[in-house]
Amino acid sequence: MRWLLLKDLQILRRSPLLTALLVIYPIVVALLIGFALSRGPEKPRVAFLNEVPQDTPLSIGGEDFDLTGARSSLCDRIECVRVHSRAEAREEVESGEVLGALILPEDLVDKLEGVASGVGEPPTVEVLVNEEDPLKAQLVDDRISSLLTEANLRLSRAVSNVTLSYLDLLVSGGDFDFLGQSFNVLGLQNTERILRSARSDLPKGSFEREAVDQVIQFAELARENLGFADSLLSSVSQPIQVDKEVVNGGSPDLDAFTISVAATVTLMFVTVLLVAGSLALEREENAFARLTRGLISPTGLLVEKLLLGVACSLLVTLLLLGGLSFLVHINWGRTPQILVAILAGGAAFAALGAALGGAAREVRASSLLAFMISLPIAFISLVPSGTVGPALFSVIEVIRALFPFAPGRDAMESALSSGDLLVPLLHLAALTVAYLALSRLALRRFA
Amino acid sequence: MAEKPAKKARRAPAARPPRKPVLEVAGLTKRYGSRAALSDVGFEARKGELIAVIGPNGAGKTTLLSILAGIVRPDEGEVTSPAGSIGWVPQQAALYRRLTVAENLRLFAHLEKVDDVQGSVDEMLGEADLAERRDDQVSLLSGGNQQRVNIAIGLLRQPSVLLLDEPSTGLDPRQRARLWEFVSGLAGGGTTVIFSTHNVQEAERYSDRLLVLADGEALFDGTQTELHRTVDKESGRGRAKRDFETAFVDFLAHRGH
Ligand SMILES: Nc1ncnc2c1ncn2[C@@H]1O[C@H](COP(=O)(O)OP(=O)(O)O)[C@@H](O)[C@H]1O
Ligand SMILES: [Mg+2]
């Protein structure tokens, strides 16, 4: 087996054009696909007018909001064009220089603080949109409203925190600072306790005692219900936090997705083409009969091709990932998982290659077959749900499950981010076994 | 074989050398679907014998040699080779054209688990007269030289029986002459050589014995002289009137082939 592997590598080395193609082609395709997928829509240009006086602090319930940070995070997601007046903003939008304008009014901070302390109207921000390009206008709308939603969520969480602290004060009592002076608030609990001790001094059946009883009942009811409001408020602010995570969570996953597509495309082409060609070559050179005459079993030969494919694809895929890590972040802390994903994907693609090589029985025919099958499978596997009808999509899902591209990509993405590797690995293992069995059948009519 | 002749074979019992057979074949039958590629073929081969399996295309020659080589399993019958291994040289050169002559030999020497790899590679290069071409890629070699590398690989394990399937196909006359010189030398050294051919002259000139196959049946097993005698007997004419090829054609015609 070792000698056969060496022989195959030697033959590869003797075919520099083929080898170069085998390495360069998939990497170029992978990079193109990677860039096409990662380059999403361009950042929309938006005019940004901030009328809030510089360095106005915003503090709600003791939490300071970083306005400068918020602004720069906004300008990360859209291209901010600074303007200095409403007229200028309007002009920019009308001329089409920008897709929209976002105006933060002067009283934004004051009104926000008012809302937080329960007085006044909520502030409004102004958005001017150019509807010339509806698609992009939609994009600006979406970006701005998602930003505002995000800001609202943060603010409402702060507001409910403040409200909660007031409620707590009302129920339990304590000190309260207002305009530099400290007040002691009795609190419903204490009120109830004091009233109960006062009640026992009053004669039974007296009018005063009955009146105090009513006040106690009210205090008790109010305390219990406010306590309930307390948990209600905190439970309302809880899902807000979860929502916010989802809103913000996009970009690192896009990287893992893109890299996984590029790596899997490379893995697929190198392995399928190499193994299919190399197996078909054994027949084309008439060596198969000589080899299987006691030198190696057909299954042994398949295993040899599998090893060849896995070894070469490991090398090329690592090369690609190494190159990609100059452009995007790759979590090399997960190198073991990445290696496992490459090996499992490589094995499944190699088995598919063996089946194709065994079926085609000629190097040229097998290369052609490998291309004709690999490319559509890769594209089909990248069709997002919702872009085609549900019936067609379920057909696509079946096709995906039958070929190693989708599980290979899943495994790669899981390895790169911190997803679950087990399911895609099992899927790949099952496909490897199935395709090896198919190729073993194909070898029956090989000699 | 002299004691137990195959059913359809005819030959003079006295002509066999009294050596022990290195290969015994009995009752080989191979069917592809309803068609019999080989039916009930049997013969024996002795040390140093040069046997030509001769017959038209489709007669079953490749099938017979493949069964002897152990590549194809017969439906019926047995092959026993009491002494040593069987070397097999397929009809089409089974070589890696991207590798050099020496690399091909070395690869198969390793795979055959030959004890002294470099030694036997060098020996084969010498025997095939290819020492000068050892580092040339096989794809650059002439058909004749490729065939010699092909044969040299079959000889790596120094088999006691060498099977050659139509070894001279595609060679020019000079390459043929060199090939047969090489093969005769092997037989002279004690290797039993069984080769197939559809070329009657080649069979007559280079073999000690003929096995005539047609439509999967062994029609004759004996020397060239014995074949002539049989044909003479069947036609009633004198031998001098025809050459070997005509005799062979007459022989087949008489049996309806
Ligand atoms: N693998 C096969 N499948 C079906 N038929 C075959 C196969 N191999 C040989 N045959 C048939 O068996 C017969 C003998 O073939 P073969 O041994 O190759 O003849 P020869 O070598 O004498 O030309 C032919 O009719 C051929 O078509
Ligand atoms: Mg033949």
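Read-outs: derived from the displayed coordinates by stated rules, not from any lab. Source: prediction; values computed, not measured. Please note: Cβ atoms are built from the backbone with ideal geometry, for glycine as well, and neighbour counts cover all protein chains shown.
To the nearest whole number, what is the average tally of beta carbon atoms from other chains within 10 Å of the beta carbons of peptide B:93-102? Walk me through the intermediate numbers first.
Values: counts 3, 9, 4, 9, 5, 9, 5, 2, 0, 0.
The shielding value for this peptide is 5.
Protection proxy ranking, highest mean first, for peptides A:23-31, A:388-396: A:23-31, A:388-396, where packing is the per-residue count of other beta-carbon atoms within 10 Å, averaged. Find out how many positive minus negative residues lie around B:Ile71, taking Lys and Arg as positive, Asp and Glu as negative, among other residues whose Cβ is under 12 Å from that of B:Ile71. My count for the surroundings of B:Ile71 gives +3.
With a ≥ b ≥ c the root eigenvalues of the C-alpha gyration tensor of the stretch A:263-325, is it rounded (a/c under 1.5), prolate (a/b larger than b/c) or oblate? Cα axes put the stretch A:263-325 in the prolate bin. Only helices enter this figure: runs of n ≥ 4 DSSP H residues, each worth -39500 (n - 2.57), summed and divided by the residues of chain B, yield -10500 deg cm²/dmol at 222 nm to the nearest 500. Checking the cross-link pairs B:Lys47/B:Lys113; A:Lys7/B:Lys47; B:Lys30/B:Lys233 against a 27 Å limit on the alpha carbon distance flags A:Lys7/B:Lys47; B:Lys30/B:Lys233 as lying beyond it.
Here the Gaussian network model covers chain B, with springs between Cα atoms less than 10 Å apart; of B:Asp135, B:Asp215, B:Asp122, B:Asp135 fluctuates the most.
Take the alpha carbon gyration tensor of the stretch A:281-394, find the square roots of its eigenvalues, order them as a ≥ b ≥ c, and report rounded if a/c is under 1.5; if not, report prolate when a/b exceeds b/c, else oblate. It comes out oblate by the Cα gyration axes.
Ranked by the mean number of other Cβ atoms within 10 Å of their residues, highest first, the peptides A:259-270, A:346-357 fall in the order A:346-357, A:259-270. Counting only alpha carbon atoms, the long axis of helix B:143-155 and the longest principal axis of chain B meet at about 90°. Take each residue of peptide B:67-76, count the partner chain Cβ atoms within 10 Å of its Cβ, and average: the result is 2. In the elastic network of chain B, a GNM with C-alpha springs shorter than 10 Å, the most mobile of B:Pro82, B:Pro56, B:Pro21 is B:Pro82.
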